[in-house]
Amino acid sequence: MPNDAPSTHRLPDDLQARLAAAGVTDPASLEAAVQRDPALAADLQAFAAANAENLTAAAIAALTQAFAAVEDSEQMMAFWRAVPAGLEEPFIEAVEALIAQAEESGDSDAVEHLRPRLEGFRQIHQAAQQAAEQLPIVQAVIAFVQAEDVAAAEALFLQHKALLQPYEAQQVLEALVAQAPAGIPAEVRERLAARHALLRRLRGHAPAS
């Protein structure tokens with residue numbers, strides 16, 4: 001296929017023009033545009049359905065490039081949050097295939113670079129799956145711990161105050177701190193301790209109810 005052949009997952013010119021006319025520049029403005037224009041929403045949905053396989057492949061390829069640049073656990077958590085829901089397993093399979101190819105070709109550097117990152121991603125994904133099966137209060141506490149920064153954690157506390165204000169939430173977080181494996185990275189242990197203190201402050205040291 002010639003290099004200048006149009007991509008099958010590229011938006012048609014008319015759709016791009018309609019998005020531009022609607023002032024779409026980011027996810028928030030896109031959401032506003034499709035809410036204002038049901039016809040635009042329907043056309044975008046039809047395009048996505050017709051090109052689902054190509055769009056998924058393109059998304060995974062882009063994710064794989066970003067994945068290789070992840071340097072630490074904080075960046076890995078941010079990367080995991082950016083992976084669209086439902087693409088976690090296909091992404092893991094794609095990275096596993098890359099590792100297998102690198103092993104076959106004798107590229108040990110690529111294997112050593114990707115394998116620990118994949119393990120870190122897999123651990124976060126599995127923890128999220130387990131959290132989804134937990135009680136709402138446990139889910140809220142885990143989300144509070146995993147919030148990107150203090151401001152995000154404070155906003156989450158206000159959003160889920162009915163779950164995080166009671167003393168039970170503090171007990172759940174204390175249990176997470178106590179049960180943390182001895183070998184977890186120092187930054188993770190520090191985050192747990194910091195969020196434990198933050199939750200106490202936001203709750204106002206409320207007594208057990």
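Placing +1 on each Lys and Arg Cβ and -1 on each Asp and Glu Cβ, with no other charges, gives the range 1-122 a dipole about its Cα centre of roughly 480 debye. Using only side-chain charges placed at the Cβ, +1 for Lys and Arg and -1 for Asp and Glu, the dipole size of the chain relative to its Cα centre rounds to 1120 debye. Each peptide in 135-141, 38-44 receives the mean, over its residues, of other Cβ atoms within 10 Å, and ordering these scores from highest gives 135-141, 38-44.
Principal-axis analysis of the Cα atoms of the chain puts helix 136-146 at an angle of about 80° to the longest axis. Put the Cα centre of the range 48-65 next to the Cα centre of the range 106-147 and the gap is 22 Å.
Once the chain from Asp43 to Ala82 is taken as fully extended at 0.36 nm per residue, the excess over their C-alpha distance is 11.6 nm. In the chain, the longest principal axis of the Cα atoms and the axis of helix 167-179 are about 80 degrees apart. Loop-resident GluC sites (Glu not before Pro) (DSSP state other than H, G, I, E or B) in the range 108-209 with no more than 16 further Cβ atoms inside 10 Å of their Cβ: Glu133, Glu148. A Cα-only calculation for the chain places Rg and Dmax at 21.5, 70 Å. Judged by the gyration tensor of its Cα atoms, with axes a ≥ b ≥ c, the range 38-153 is oblate; a/c meets the 1.5 cut and b/c is at least as large as a/b. Does anyone have the angle between helix 150-159 and the longest principal axis of the chain? Alpha-carbon axes, 0 to 90°, nearest 10? So the helix axis and the longest Cα principal axis differ by about 80 degrees. What's the center-to-center distance, using Cα atoms, between the range 153-180 and the range 23-44 in Å? Here the two parts' Cα centres lie 36 Å apart. For the chain, the mean residue ellipticity at 222 nm estimated from helices alone is -24000 deg cm²/dmol, where every DSSP H run of n ≥ 4 contributes -39500 (n - 2.57) and the total is divided by all residues, rounded to the nearest 500.
For the range 134-196, the Stokes-Einstein estimate of translational diffusion at 25 °C and a viscosity of 0.890 mPa s comes to 207 µm²/s, using the Kirkwood hydrodynamic radius over alpha-carbon pairs.
No lab work stands behind these numbers, since they all come straight from the coordinates. A quick note: this is a predicted structure, and the numbers were derived from the prediction, not measured. Every residue, glycine as well, gets a Cβ built from its backbone with ideal geometry; the counts of neighbours run over all protein chains shown.
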